[in-house]
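In what follows, a structure is listed as structure tokens, so that the remarks can point back to it.
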């Protein structure tokens, strides 16, 4: 959760109070309607009970965020960490359930809004019908690579955290994510297109 430093809020509670005192005056950038940067913000908006104006971009929002035309974004750490470290943007919180090693002093939103969690993630799948033995070999090799100290350090430097799991755990995770985000999309009345 990134803010342009022109917003007079240094903590998440200060931001929520500011947004409630100025309904509709905070412009929240995203990479487009229904994108992760949009739905993560909508989940926050709903949980914090604030009114912000969604501003979808077809290309990068970073120039306008840095320039103050938009004040808020729920963007990936890897894309913004250097701006945070240089003081050009203020990281108020991370959307993951816990603090991130790349920004250890930045709290998780869940520390203030219990139960909030929104993470971008990547997974590797195989076509339906792939023999279980092959799936298990792939899972074992990928899990092994993610456990490598050099790989973990490089990912941590980018603000990324490996989440190795079994194939069945990953299937359960995908089902839960699908249900969670469907509720946000329905509640926020987000339409395709």
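Computed packing ranks the peptides 94-106, 129-141 as 94-106, 129-141, most packed first, by mean other Cβ atoms within 10 Å.
Enter the angle in degrees (range 0 to 90, nearest 10) between the Cα long axis of helix 132-147 and the first principal axis of the Cα atoms of the chain, meaning the one along which they spread out most. Value to nearest ten degrees: 50.
Relative contact order of segment 2-120: 30 percent, from C-alpha pairs under 8 Å at least 6 residues apart in sequence.
Spin-label point model (7 Å from Cα, Cβ direction): what's the residue 122 to residue 69 distance in nm? Reported label-point gap for residue 122 and residue 69 is 3.0 nm.
Secondary structure note: in segment 2-120, about 40% of the DSSP beta bridges are antiparallel. Computing FRET efficiency as 1/(1 + (r/R0)^6) for residue 172 and residue 82, where r is the C-beta to C-beta distance and R0 is 22 Å, gives about 0.05. Approximating the spin labels as points 7 Å out from Cα along Cα→Cβ, the residue 21-to-residue 143 distance works out to 5.1 nm.
Averaging Cα coordinates gives a centre for segment 158-190 and one for segment 1-24; these two points are 27 Å apart. Working note: 222 nm ellipticity from helices only, DSSP H runs with n ≥ 4, each -39,500 (n - 2.57), summed and divided by the residues of the chain, gives -13500 deg cm²/dmol to the nearest 500.
Evaluate Rg over Rh across segment 61-124, taking Cα atoms for both radii and Kirkwood's formula for Rh.
Values: Rg = 12.4 Å, Rh = 12.7 Å.
With Rg and the Kirkwood Rh in hand, the quotient comes to 0.98.
Values quoted throughout were computed directly from the atomic coordinates according to the rules given, and no laboratory measurement underlies them. Everything quoted here is computed from the prediction, not taken from an experiment. Using ideal geometry, Cβ is built from the backbone for each residue, glycine included, and neighbour counts are taken over all protein chains shown.
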